[in-house]
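Working notes, beginning with the structure itself.
The values are calculated or read from the model by the stated rules, or taken from the named source; none is laboratory data. Owing to the predicted nature of the structure, the values given are computational and were not obtained by experimental measurement. Neighbour counts run over all protein chains shown; Cβ positions are idealised from the backbone, glycine included.
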Amino acid sequence: MVTIHDCVHVKFPPENLSRLRRYELYWRTKRAVESASQILAVSNSTRDDLVNIFNLDALRISVVHNALDERFSPAEDGADRKTVLERYQLHDPFILYSGRIRRHKNIHRLIEAFAVLKSELRDDEQYRNLKLIVIGDELSRHQYLRLTVVRSGVQQDVRFFGFVPNAILQVFYQSAALFAFPSLYEGFGLPPLEAMASRTPVLASNTSSLPEVLGDAALLVNPENVFEIARGMKAILMDDALRARLIERGMTQISKYSWVTAATQVIEAYKRAAV
């Protein structure tokens with residue numbers, strides 16, 4: 001039995017990997033999935049990737065969705081919100097991204113879309129001081145993002161905070177005007193569900209597993225179109241009815257995922273493998 005969370009190392013390998021190293025990663029995965037009697041995939045999208053990339057029989061693959069960490073359940077509060085926001089000097093409305101910073105996460109287009117949005121809201125009383133907060137690696141590790149920020153003219157409005165503890169992250173989720181997740185590829189995609197659990201409206205990509213996992217509880221956009229990302233973010237900010245609808249649907253969506261259900265499905269998959 002083997003569990004596959006995504007095929008990102010095949011579809012979007014790190015740019016600093018040599019061709020030989022990429023080939024090695026592909027063959028290691030190929031050997032693992034071909035030798036397994038049963039395979040667990042965290043989404044139908046990941047299952048389809050395995051079938052298409054490695055020519056596997058779909059009947060050998062069981063889909064078991066992930067679920068939220070209980071620390072992000074709707075009943076849980078983060079640290080004291082006012083104290084945290086003061087510590088990070090967050091006094092203006094902000095859009096939030098949380099997750100790893102890799103090329104396929106599409107942060108450069110999010111920054112460009114944010115710059116477009118800022119220009120459109122420069123005279124808006126509520127959002128003229130809007131910020132973009134990125135939770136992930138330090139900006140110094142990603143010079144191409146620093147250049148994107150400078151070229152887009154939003155140096156004063158984009159902030160990178162690196163890693164933060166879960167209690168602090170909860171406060172960011174709960175305080176954000178919206179959560180933006182325009183990733184090009186996800187095997188599952190937990191951060192948007194964490195935002196939904198915090199009653200924050202979500203914009204996400206219409207690609208890979210995200211439509212499957214998020215359903216109609218997020219505003220889905222083409223992640224390769226900067227202007228579509230900007231329009232989507234503006235719609236969420238300016239349309240109160242849309243915001244309320246996304247928040248309500250988000251709470252319904254997260255209830256579909258349970259570790260109890262996942263554990264039951266894993267046990268059933270092991271029983272099939274043992275036959």
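Overview of values
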read-out	value
Of the criteria (1) buried (at least 17 other Cβ atoms within 10 Å of the Cβ); (2) touching a residue at least 40 places away in the same chain (Cβ under 8 Å); (3) not aromatic (Phe, Trp, Tyr), which one VAL149 fails	(2)
Unique match (being touching a helix residue (DSSP H, G or I) at 6+ places or on another chain (Cβ under 6 Å) and either of a type outside the set (Val, Ile, Thr) or closer than 27 Å to THR252 by Cβ (or both)) among VAL63, VAL33	VAL63
VAL171 being at pLDDT 95 or above and farther than 30 Å from THR3 by Cα	no
Condition check for TYR88: touching a Gly at 6+ places or on another chain (Cβ under 8 Å), not assigned by TED's automatic domain parsing to the domain that holds LYS11 and not aliphatic (A, V, I, L, M)	no
Residue check, VAL164 out of contact with any Lys or Arg (no Cβ under 9 Å at 6 or more places or on another chain) and crowded, with 16+ Cβ neighbours inside 10 Å	yes
Wholly enclosed strands (runs of 3 or more DSSP E) of the stretch 173-250 bearing at least 2 residues without any contact (Cβ under 8 Å) to a residue 60 or more places away in the chain and either more than 15 Å from the chain's Cα centre (by Cα) or closer than 16 Å to ILE133 by Cα (or both)	202-205
Among (1) under 24 Å from SER255 (Cα atoms); (2) touching a strand residue (DSSP E or B) at 6+ places or on another chain (Cβ under 6 Å); (3) surrounded by 18 or more Cβ atoms within 10 Å (Cβ to Cβ) - the single one GLY99 does not satisfy	(2)
Unmet criterion (only one of (1) without any contact (Cβ under 8 Å) to a residue 12 or more places away in the chain; (2) touching a Gly at 6+ places or on another chain (Cβ under 8 Å)) for ARG21	(2)
From the options ALA217, ALA177, residue that is of a type in the set (Gly, Ala, Ser) and closer than 22 Å to LYS118 by Cα	ALA177
Residue identified as aliphatic (A, V, I, L, M), closer than 20 Å to PRO223 by Cβ and in contact (Cβ under 8 Å) with a residue 40 or more places away in the chain among LEU130, LEU96	LEU96
Test result for ARG122, buried (at least 17 other Cβ atoms within 10 Å of the Cβ), in the same structural domain as GLU186 (by TED's automatic domain parsing) and of a type in the set (D, E, K, R)	no
Residue check for GLN143: out of contact with any Pro (no Cβ under 8 Å at 6 or more places or on another chain) and free of Cβ contacts under 8 Å to residues at least 40 places away in the same chain	yes
Within the stretch 174-188, considering residues that are of a type outside the set (S, T, N, Q) and either modelled with pLDDT under 95 or touching a Lys or Arg at 6+ places or on another chain (Cβ under 7 Å) (or both), the one farthest from GLY250 (Cα to Cα)	TYR185
Out of LEU50, LEU147, LEU110, sole residue that is aliphatic (A, V, I, L, M), within 29 Å of ASN16 (Cβ to Cβ), out of contact with any His (no Cβ under 8 Å at 6 or more places or on another chain) and outside the structural domain of LEU184 (by TED's automatic domain parsing)	LEU50
Residue in the stretch 183-227 that is surrounded by the fewest Cβ atoms within 10 Å (Cβ to Cβ), counting only those that are farther than 15 Å from LEU110 by Cβ and of a type in the set (Val, Ile, Thr)	THR200
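Residues are listed down the side, and each one gets a yes or a no for (1) at pLDDT 85 or above; (2) over 27 Å from TYR173 (Cα atoms); (3) outside any helix (DSSP H, G or I):
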{"site": "PRO14", "(1), (2), (3)": "no, yes, yes"}
{"site": "LEU20", "(1), (2), (3)": "yes, yes, no"}
{"site": "ARG31", "(1), (2), (3)": "yes, yes, no"}
{"site": "GLU34", "(1), (2), (3)": "yes, yes, no"}
{"site": "LEU50", "(1), (2), (3)": "yes, yes, no"}
{"site": "ILE53", "(1), (2), (3)": "yes, yes, no"}
{"site": "LEU56", "(1), (2), (3)": "yes, yes, yes"}
{"site": "ASP77", "(1), (2), (3)": "no, no, yes"}
